[in-house]
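Below is one structure; the comments refer to it alone.
The values are calculated or read from the model by the stated rules, or taken from the named source; none is laboratory data. Keep in mind the model is a prediction, meaning the values are calculated, not measured. We place every Cβ from the backbone using ideal geometry, glycine too, and count neighbours over all the protein chains shown. Accessible surface areas use protein heavy atoms only, side chains included; no ligands, DNA or RNA. Shrake-Rupley method; radii C 1.70, N 1.55, O 1.52, S 1.80 Å.
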Amino acid sequence: MKQIETGNPDKGLDGLKVNDVAPPPEPKDDEIMVQLHASSLNYHDYGVASGTMKAPEGRILMSDGAGVVKAAGSNVKAFKEGDSVVSVFFPDWQTGGPTVGDFSRTPGDGIDGYAREFVTVPASWFTRAPKNWQHNQSATITTAGLTAWRALVVEGNLKPGDTVLLLGTGGVSVYALQIAKAMGARVAITSSSDEKLEKARSMGADFTVNYKTDENWGKTVLEWTNGYGVDHVVEVGGPATLGHSIKATRVGGSIVLIGVLTGIGGEVPTALLMRKQIRLTGVIVGSHQHQNDFVNALETLDIEPVIDKSFALDDLADAFRYEASGQHFGKIVVDY
Ligand SMILES: NC(=O)c1ccc[n+]([C@@H]2O[C@H](COP(=O)([O-])OP(=O)(O)OC[C@H]3O[C@@H](n4cnc5c(N)ncnc54)[C@H](OP(=O)(O)O)[C@@H]3O)[C@@H](O)[C@H]2O)c1
């Protein structure tokens with residue numbers, strides 16, 4: 001079977017290797033063998049593939065994987081042969097509060113991921129996929145979808161009528177737009193592109209602002225709420241955007257910090273954060289239980305993930321180059 005691995009990190013994406021290897025072993029008692037058919041690209045995967053996040057040479061890429069159960073061990077109750085399944089981001093965090101604070105056991109980073117045609121792993125490393133979804137749609141759930149769900153619903157307790165601020169139109173933010181609209185919230189979203197903002201409006205975004213041409217976009221969003229402030233922010237930017245997000249948030253609102261697009265450290269307007277009594281929560285994806293809850297919700301929310309472009313597994317490096325170009329709106333996927 002085919003798999004895509006990291007090569008010499010100094011060569012970046014040019015160093016990625018396509019390898020032909022023997023298929024994995026038959027599953028033991030608690031394991032399943034999955035024929036993988038799709039993955040989806042995340043900023044994190046790009047870091048590993050490009051060599052900026054150091055993973056050992058030979059690491060099989062990609063955190064997200066979706067496919068079909070080919071065989072199940074004798075103790076496996078959750079799945080049977082033929083079931084459609086999707087991988088989880090933290091195989092060891094099954095339920096309850098967070099138990100992990102790094103990527104040492106995340107597929108595609110600390111351990112081998114799903115850029116391969118077959119895998120045999122414990123059944124608890126996968127959840128079921130939503131009924132009637134294509135594999136490439138399900139593959140968007142593991143990282144981007146679940147992070148948006150956890151930020152808004154698990155941590156934010158989103159309610160119909162709430163207001164939400166989303167930053168940019170990448171995988172997480174577009175998912176968050178869909179979840180928020182499906183749950184009856186009002187959404188403001190930013191982008192560097194007027195064309196992408198138009199797309200967001202066509203998906204139901206109530207207010208849009210170009211963060212390149214409007215340097216005071218936080219204040220602009222605050223004005224959209226008549227000075228009251230939004231209830232929720234899904235913060236993907238980090239140091240260069242957090243101050244604007246705090247400005248845009250209401251007293252007692254929630255900011256869930258999930259991204260580091262503008263860097264990994266910087267100044268925070270602490271006095272304003274304190275005066276507004278904002279809840280600022282750091283989040284990395286979610287648990288197996290969160291993913292099961294999200295899959296159940298997706299079946300009633302009538303959401304179809306937005307897939308910008310699909311690539312073949314052999315062309316994974318090109319898929320990452322496309323992601324790095326920033327042209328995408330929503331998710332980039334790999335089909336195999
Ligand atoms: N903590 C977690 O669990 C978790 C999970 C998933 C992702 N993340 C993080 O969240 C971030 C986004 O991930 P993603 O997968 O959605 O990335 P992505 O699909 O590559 O999207 C990136 C988008 O962010 C927007 N952007 C870039 N710079 C921005 C800025 N200064 N202000 C506002 N928007 C900006 C751009 O949107 P426009 O083109 O519209 O301008 C860009 O297309 C990354 O830092 C990633 O590592 C964290």
Residue count, the stretch 242-254, condition assigned to a helix (DSSP H, G or I) and either more than 18 Å from residue 207 (Cβ to Cβ) or open to solvent by less than 20 Å² (accessible area, probe 1.4 Å) (or both), comes to 5
Only one of (1) assigned to a loop (DSSP other than H, G, I, E, B); (2) on the phi > 0 side of the Ramachandran plot does not apply to residue 12, and that is (1)
Practice item. Go through the residues of the stretch 38-48 one by one and say whether even a single one is away from the ligand (no atom under 16 Å from the Cβ) and out of contact with any helix residue (DSSP H, G or I) (no Cβ under 8 Å at 6 or more places or on another chain). Key: no
**Report entry** So residue 139, is it under 18 Å from residue 200 (Cβ atoms), within 15 Å of the ligand (Cβ to nearest atom) and either at pLDDT 95 or above or assigned by TED's automatic domain parsing to the domain that holds residue 59 (or both)
**Finding:** no
Out of (1) crowded, with 18+ Cβ neighbours inside 10 Å; (2) outside the structural domain of residue 229 (by TED's automatic domain parsing); (3) part of a loop (DSSP other than H, G, I, E, B), the one residue 327 does not meet is (1)
Result of the Cβ filter at 7 Å on the stretch 260-287, keeping first residues that are within 17 Å of residue 229 (Cβ to Cβ) and in contact (Cβ under 8 Å) with a residue 40 or more places away in the chain and partners that are away from the ligand (no atom under 16 Å from the Cβ) and aliphatic (A, V, I, L, M), at least 6 apart or interchain, is 276/251
Out of (1) outside the structural domain of residue 179 (by TED's automatic domain parsing); (2) in a loop (DSSP other than H, G, I, E, B), the one residue 262 does not meet is (1)
From the option list 303, 284, single residue qualifying as open to solvent by less than 60 Å² (accessible area, probe 1.4 Å), modelled with pLDDT under 95, in a loop (DSSP other than H, G, I, E, B) and under 30 Å from residue 130 (Cα atoms) is 303
- Query: Is it the case that the stretch 217-233 has a residue that's closer than 24 Å to residue 143 by Cβ, out of contact with any His (no Cβ under 8 Å at 6 or more places or on another chain) and within 14 Å of the ligand (Cβ to nearest atom)?
  - Reply: yes
The correct count of residues that are outside any strand (DSSP E or B) and either open to solvent by 20 Å² or more (accessible area, probe 1.4 Å) or outside the structural domain of residue 117 (by TED's automatic domain parsing) (or both) in the stretch 26-43 is 6
When the stretch 255-281 is checked residue by residue, the ones that are closer than 23 Å to residue 99 by Cα and open to solvent by 20 Å² or more (accessible area, probe 1.4 Å) are 257, 258, 260, 264, 279, 280, 281
